[in-house]
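The values are calculated or read from the model by the stated rules, or taken from the named source; none is laboratory data. Treat the numbers as computed from the prediction; the structure is a model and nothing was measured. Glycine gets a Cβ as well: all are built from the backbone with ideal geometry, and neighbour counts include every protein chain shown. Ligands, DNA and RNA are stripped out before the accessible areas are found, and what is left, the full protein with its side chains, is counted by its heavy atoms. Shrake-Rupley method; radii C 1.70, N 1.55, O 1.52, S 1.80 Å.
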Amino acid sequence: LNSLGNTDVEILHRELSYRIVGSAMHVHREIGPGLDEALYHMALHEHLLAAGLPSQYKPKRRLIHRGIVADEFEADLIVDGSVALELKCLDRDFAPAHYTQLICYLKCWGLRLGMLFDFGKESLVRERVAYSPRPIALNALSPESLRPAAAADRELLSRILSSVRGIGEQYGTGYRDTTYQGILRADLSADAISIEERHVEICCDGRSLGIARPACFVVDGRCGVKILALYDRLHAAHRARLQTCLKHLGLPWGILVNYGKKSLDWQYVCPARSHVSDSRVP
């Protein structure tokens, strides 16, 4: 996620950052490391208030697209309406998901600086994460090169790709995959295009293994859509996973989309040929 940061990481809200770090160090020193995260949330919130810094505790915000709730966010703390804080108590280092989580808060609240704190170590671990909104490079999304055979399916593919592109133009890069999925679902639903998640029975060698929900959603009963985010590119494993979803859902085709760190990419996908007995999809 380094590409989502900003070069002024050491300058932005400098004085406020020092005061926040001072409060966090005080809490770490008083409580000690390794307890439940909620304790650090409350203690830091109260210490910030006592230090004269306005602090919002567990603020929530909805991302609404075309009148439909696409996702909901809950930050740990937002200080002085300027800096989002994410508090962890970890055995290991910060993971990419922690940065993604914080970037989502910055995008949703329209902030430019976030701070990660880890209260799980002998010394407080902290990191500043600066963010500036940036557009996403929109690669060609024309359905002309790979198209379903049926005219109705070609029309549906074009409609989905139009939404995918519009979302990229409006929101840029930086959100998590579930956020983009929620936005796309809202966009299509607003145009009365049916969206559903299906549970199916999974069998192997004629024996039922149970009920599962394949990791994609079904559009108009004909197409499986899987949304990814923040990958550098689409990989063969992503395509194979969507093919598995299509196989078990009995769908003839699907779309794989990646709202990447820098660019928006997509692939047209049909089930592996060994699983298609009578399909007009190339």
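Observations, loosely collected:
- Filtered by the rule that a residue be hydrophobic (A, V, I, L, M, F, W, C) and over 18 Å from residue 168 (Cβ atoms), the range 115-138 gives 115, 116, 117, 119, 124, 125, 129, 130.
- Restricting the first member to the range 157-174 and to residues that are open to solvent by 10 Å² or more (accessible area, probe 1.4 Å), and the second to residues that are part of a helix (DSSP H, G or I), the beta-carbon pairs closer than 7 Å and six or more apart or on different chains are 171/183.
- Residue that is surrounded by the most Cβ atoms within 10 Å (Cβ to Cβ), among those in the range 188-240 that are within 18 Å of the chain's Cα centre (by Cα) and among the basic types (Lys, Arg): 226
- Listed conditions (1) part of a strand (DSSP E or B); (2) small (Gly, Ala, Ser); (3) at pLDDT 90 or above are all met by residue 189, apart from (1).
Listed here are the residues, each with its yes/no results for (1) in a strand (DSSP E or B); (2) surrounded by fewer than 20 Cβ atoms within 10 Å (Cβ to Cβ); (3) of a type in the set (Asp, Glu).
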position: 34; (1), (2), (3): no, yes, no
position: 38; (1), (2), (3): no, yes, no
position: 71; (1), (2), (3): yes, no, yes
position: 104; (1), (2), (3): no, no, no
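- Hits in the range 85-101 - residues which are under 15 Å from residue 40 (Cα atoms) and within 20 Å of the chain's Cα centre (by Cα): 85, 86, 87, 88
- Tally of residues being surrounded by 13 or more Cβ atoms within 10 Å (Cβ to Cβ) and among the small types (Gly, Ala, Ser) across the range 43-68: 3
- The lone exception for residue 100 - which of (1) touching a residue at least 60 places away in the same chain (Cβ under 8 Å); (2) under 23 Å from residue 182 (Cβ atoms); (3) open to solvent by 40 Å² or more (accessible area, probe 1.4 Å) it fails: (3)
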